[in-house]
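All remarks here apply to the structure that follows.
The values are calculated or read from the model by the stated rules, or taken from the named source; none is laboratory data. Predicted model only: the values in this text are computed from it and were never measured. Cβ: placed from backbone, ideal geometry, glycine included. Neighbour counts: every protein chain shown. Ligands, DNA and RNA are stripped out before the accessible areas are found, and what is left, the full protein with its side chains, is counted by its heavy atoms. Shrake-Rupley method; radii C 1.70, N 1.55, O 1.52, S 1.80 Å.
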Amino acid sequence: MSDRGMPREESIEYLLGRSQRQGDTFPIRREFIQARVEGLFGEPTTGPGPLSKLLRAPLALELLLLVHGVTTGGDFGVTERSQLWARAAGIYMLPDRNASVAVSRQWQHLEKLGLIERQQHGRFKRIIKRRERGLVGESSVAYTAPTGAKGDVYFRVPFAYWREGWHQKLDMPGKAVLLAAMSRRRETFTLPQDTRGARALGLGRHTVTRGIEELLRHELLVKTGTDEVVNARTKGGYE
């Protein structure tokens, strides 16, 4: 038996090939980035989505994006060996048992956020995606294909994210802002860098600034202009 392991890119391509998606894109609801929440006085407002809780869990984010890319129907689940998930997410661990433990930790994190469900499937675990808003109270909601209707807005992530190597080229600030930019869906949009705007995305102000700078450097974003906003904490009152 060969000891050679499938390289990361081949592992990813194998998983993407399972989906048989037309157009090589997959949908994610905007609520993953920005969720509708209640304000201080019970009024509806915008707050951070589950992405904000994955900023320090890059491996979990990679696994979640792969699950969304692969699963297309039925129970929206996928069953594969832990070692395949480990290679695809960039977890290179031997012996096999260590890879299983490392991947299991990431699944556990996603499960606690209500983003996936795990079920025993023979000798393996079946990973079933849940709706992108994650936990609401103490429960999550079963996944259904997004419709694009009001309250069910989604955007599409291209397989080029992996095939062009952005999963390795970008740090977490860049990935977070890239997803936030994709969720805008229009070619030209505003990305607020003030504290309030960044907080609405569930991101810190410095994370947004670093992410924008990273995407500009890679030419994934092009700056078209700058808006002035009120910020009483600055010397001039604007930034």
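Backbone geometry of the range 154-160 corresponds, through the Karplus equation with coefficients 6.51, -1.76 and 1.60 at θ = phi - 60°, to 3J(HN,Hα) couplings of 9, 10, 10, 9, x, 4, 4 Hz, x marking Gly and Pro. Could you state the angle between the C-alpha long axis of helix 205-217 and the longest principal axis of the C-alpha atoms of the chain, as a value from 0 to 90 degrees rounded to the nearest 10? Taking the Cα atoms of the chain, the angle to 205-217 is about 70 degrees. Ellipsoid fit via the Cα gyration tensor, the chain: semi-axes of 33, 21, 17 Å, each the root of five times an eigenvalue, largest first.
Selection among LEU110, PRO7, SER183 by position relative to the dipole of the chain gives LEU110 as farthest towards the positive end (Cβ unit charges, Cα centre). The share of alpha-carbon pairs in the range 106-239 lying farther apart than 20 Å comes to 61%.
Of the GluC sites (Glu not before Pro) found in the range 94-170, those in coil by DSSP whose Cβ has at most 16 other Cβ atoms within 10 Å are GLU138, GLU164.
Between 0 and 90 degrees, the angle of helix 96-112 with respect to the longest Cα principal axis of the chain falls at about 40 degrees. Dipole check for the chain: with +1 at the C-beta of Lys and Arg, -1 at the C-beta of Asp and Glu, and the Cα centre as origin, the magnitude is about 360 Debye. When you restrict to C-alpha pairs under 8 Å that are six or more residues apart and normalise by the size of the range 45-165, the relative contact order lands at 21 percent. Over the residues of the chain, the helix contribution to mean residue ellipticity at 222 nm works out to -11000 deg cm²/dmol, using -39500 (n - 2.57) for each DSSP H run of at least 4. Each Lys or Arg adds one and each Asp or Glu takes one away; over the other residues whose Cβ falls under 14 Å from the Cβ of HIS121, this sums to +2. Of the chymotrypsin sites (Phe, Trp or Tyr not before Pro) in the range 106-164, not one is in a loop by DSSP (not H, G, I, E or B) with at most 10 other beta carbons within 10 Å.
Using C-alpha pairs under 8 Å with a sequence gap of at least 6, the mean separation divided by the residue count of the chain gives a relative contact order of 22 percent. Going by alpha carbons, how many degrees (0 to 90, nearest 10) lie between the helix axis of 8-19 and the longest principal axis of the chain? So the helix axis and the longest Cα principal axis differ by about 90 degrees.
The trypsin sites (Lys or Arg not before Pro) of the range 186-215 that DSSP puts in a loop, and whose beta carbon has at most 14 other beta carbons within 10 Å, are ARG186. Extension gain for VAL136 to LYS150 (0.36 nm times residue separation, less C-alpha to C-alpha distance): 3.1 nm.
How much of the accessible area of the chain, in percent, comes from carbon and sulfur atoms when a 1.4 Å probe is used? Kindly include the intermediate steps, with their values, before the conclusion.
On the way: 6750 of 13860 Å².
Here carbon and sulfur together make up 49 percent of the probe-accessible area.
For the range 91-176, a crude dipole built from +1 on the beta carbon of Lys and Arg and -1 on the beta carbon of Asp and Glu, taken about the Cα centre, is about 160 debye to the nearest 20. Note: relative contact order over the range 108-219, using C-alpha pairs below 8 Å and six or more positions apart, is 15 percent.
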